[in-house]
Each structure stands twice: as C-alpha cells, then as structure tokens.
Amino acid sequence: MNRRDLICLLLLASCGLSSAQLDPGKDVIGMVTVTVYHATNGDAGAAGQRAKAASEEVVKRLAGEQKLKFAHYRELGKDTKPLFRSYENWAQPLPPSDEILLRFEAQSKLSKEKRRRLDIELWLSRKKILKTDAAMESGKPLLVLGPEWRGGRLIISAELGPIPLKDQ
Amino acid sequence: MNTTPDEERLALWVEDELDATSQAAVDAWAATQPEWLERREVARQMKSILRGSLPAAEEPPYAEFFNARIAREIQREAAEVAPVTPAGSPVSPMVRAPGKTWRWFLPATAVAGMALCFWAGTRITPPSVTVAAPTPLVPVPTPVLYTPEQGVKADYFASASADAMVIVLDGVAAIPDSFEVPDTASTGGGPGATTADIETPR
C-alpha cells in the first residue's frame, strides 16, 4: 500500500465518521429501564441467592394492584438503555441470557415533555410474545405480568426516564 | 279616460309642492279618495310639528373657524397659481410661498415617520401573558396489543392504585425452573452497556 492509498483510506474513514456523528437519528431522547421481578406467594428464596429484595417503593406499587399482588417480590435483574430518536434498542435485564429481552423504539410524542409512545416488544425464550405501542411517561411504568417461574410469576417493568445530564 | 295622477305628482301633492293648476286637478281627483286626503293631512301635521320644534336655519358650529380655513386655502392656492410678487423682488421664494417648499418635504417626512413607527413597533415587546397549560382532557388511548404466539392472550388496563399501565399475559409458556438468574445480571442502578449495533452518542 503506497502513501496515496493510505491517504484515500484515511479520508474515507473520516467521511464515514463525520456522517455518523451528524446522524440526528442517534440522538438520545430518553432512557428506558427494564427490571425483572419475581413475584411469589411461596418461598421468597426460590429466586436464588442472586436476587435481591425489591425496594419498598416497588413493593408498594406492585402490591397496590390486585392483579399483581403477591407476598414476596425479588428483583432479578435490571437494564437501562438509551432511547434513540430513530433507531431501535434492546434491553437485556438478565445478561448474558437472552431469555428475557425487550425491544423498544420511539414512535410518537404525545405531549410536550411528558408522554411518548413507544413500540415495545417483549421477547421470552427468543420468541416475540407481546408487541404494543404503550404511551410511556416518566414515573409511570408499564408492568407486564409475565410467565410463571419457580412457583411465582415474572413481572417485567419498563419505564421511560429522562435523558442523563451528560447526553443533554 | 284615466284621471289618476302618477306617483310623482301624487307625492308632490301630498307635500303641497304642486303648482296651482296641477294642485287643482289633483284636488278634484282626490275629492273621492279619502285615503289620499288623510295621507296629505298627516303630512301637513308632521310639517307643522317639525316647523315648531326646529329653527328655520341654523349656523354650523365653529363657522368662523371653518370659513377662515377655507378662505386661507383659497388664498394659498391663488398665490400658487399667480404669484403677485413682481420680478426682481428681494423677497425669497421660500417666504413667498412656504407651502410650495414644504410640499417637497412632506412625502419624505411621511416616509420617515412611517419608518420610525415601524422601528418603534419592533422595539416594543408585548407583555408576556402566562397561559396555563391546557389540561389533557383526552385520555391516552388504550395501546394496541399484539400477541403473535398462539394461545397467548394479553389484557391491558391502567392501574390507578399502582400508578402504572398493566398488561397481564395469559397462556405464556413458563420459564423452566432450571433457568438460573445469571450472576452477571445487574440489579444496580447504573445503565448497562448498549446492545444495539450502533454507538451511543456522547
């Protein structure tokens, strides 16, 4: 490779880099946090040593709804991923396992700063189980009462949060 | 023979405006027309009422002022058309006809005034009016639910008690109890790494 080829390659690389940096579709317009809880009326320790007790706030929220009311709640995993303006993203709350995945993508903005409709897909055991277009807003999660596991049910919580300060 | 007077003549007759000959002719016709006689009587009464309440002639208000203005304008125009100052007079043209000189300044002054008003308008900031944000009256429509897997049903409802949106899945295959939560599953608060095949913008 002579010097001229090297310069051409460098120019092409810089062009690609600059176009990627200018892509407004990559703007972060929010953060999506996905948390998986194990809810059971049986043995709280069935979720294993790795699981930790859900916070008091979460317990209050979940137990406040009759359909989600269980005796014990354990947090199994959590993942927070940026919501891009144009691109989809995936949350993997139990990495590296892909047993539970949540795909999300911005769809429309319903009000000035509060609500945003997202395309959401819940994937369980590598199968798309649910697709919805819920209107998400900060502080108001989407709770999915999911599959059974070890004598209880898994609850998948997806919540839209604000943009981190460093990305604003 | 049709002796009925035309409408114009009748109107003048009602107002007592006809000459003597025509008046006599219409009077002869109207002698058998009580309706028209009554109409003329009403008109006469109205006239007498108006005469009693209104002066015969009234001077317009500020007549002297208007007359003086009119006289001055006539004088000015006459001076412009035929200047009376003889040639070689020491009086300058501006003194002779000041209005003529100003006539050239007036458009420029008007334009300058308009420009000034426009500029002043751009400088004036209207007082800020605080309008309360409209309360969202329309509730958020129920999201569309799609469950591609056969036998899986999803039920959505908004839970006020949990302050959340809830979807209850029924018919989902259970996750095997043998599944162990990986040790690497994060239960902390920090965001994880992006799994999308694009870079997170900094």
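In a reduced charge model with +1 at each Lys and Arg Cβ and -1 at each Asp and Glu Cβ, the stretch A:43-168 shows a dipole moment near 200 debye about its Cα centre. Holding the Cα-Cα limit at 29 Å, pick out from A:60/A:127; A:26/A:60; A:78/A:114; A:69/A:131 the pairs that are longer than that. Among A:60/A:127; A:26/A:60; A:78/A:114; A:69/A:131, the Cα-Cα distance tops 29 Å for A:60/A:127; A:26/A:60.
For the stretch A:65-102, the set of trypsin sites (Lys or Arg not before Pro) satisfying both a DSSP loop assignment and a count of at most 16 other C-beta atoms within 10 Å is given as A:69, A:85. Between the residues A:95, A:53, A:110, the greatest Cα displacement towards the positive end of the dipole of the stretch A:42-136, with unit charges on the Cβ of Lys, Arg, Asp and Glu, is found for A:110. Count Lys and Arg as plus one, Asp and Glu as minus one, and take only other residues whose Cβ is under 14 Å from that of residue A:44; the net charge is then +3.
Peptide A:27-38 is shielded by partner chain Cβ atoms: per residue, an average of 1 of them sit within 10 Å of its Cβ.
Rounded to whole numbers, the Karplus 3J(HN,Hα) couplings from phi for the stretch B:111-123 are 5, 4, x, 5, 4, 4, 5, 5, 5, 4, x, 6, 7 Hz, using 6.51 cos²θ - 1.76 cosθ + 1.60 with θ = phi - 60°, and x at Gly and Pro.
Counting only other chain Cβ atoms within 10 Å of each residue's Cβ, the peptide A:123-135 averages 6. Rounded to the nearest Hz, the phi-derived 3J(HN,Hα) couplings of the stretch A:120-129 under the Karplus curve 6.51 cos²θ - 1.76 cosθ + 1.60 (θ = phi - 60°) are 10, 10, 9, 10, 10, 6, 6, 10, 6, 9, where x marks glycine and proline.
The GluC sites (Glu not before Pro) found in the stretch A:34-98 that occupy coil by DSSP, while having at most 16 further C-beta atoms within 10 Å, are A:88. When A:38, A:72 are sorted by how many other C-beta atoms sit within 10 angstrom of their C-beta, beginning with the fewest, the order is A:72, A:38. Averaged over the residues of A:67-73, the number of partner chain Cβ atoms lying within 10 Å of the residue Cβ comes to 2.
Coordinate-derived values only; no laboratory data. Not measured: the values here are computed from a predicted model. Reconstructed Cβ throughout: ideal geometry from the backbone, glycine too, with neighbour counts over all protein chains shown.
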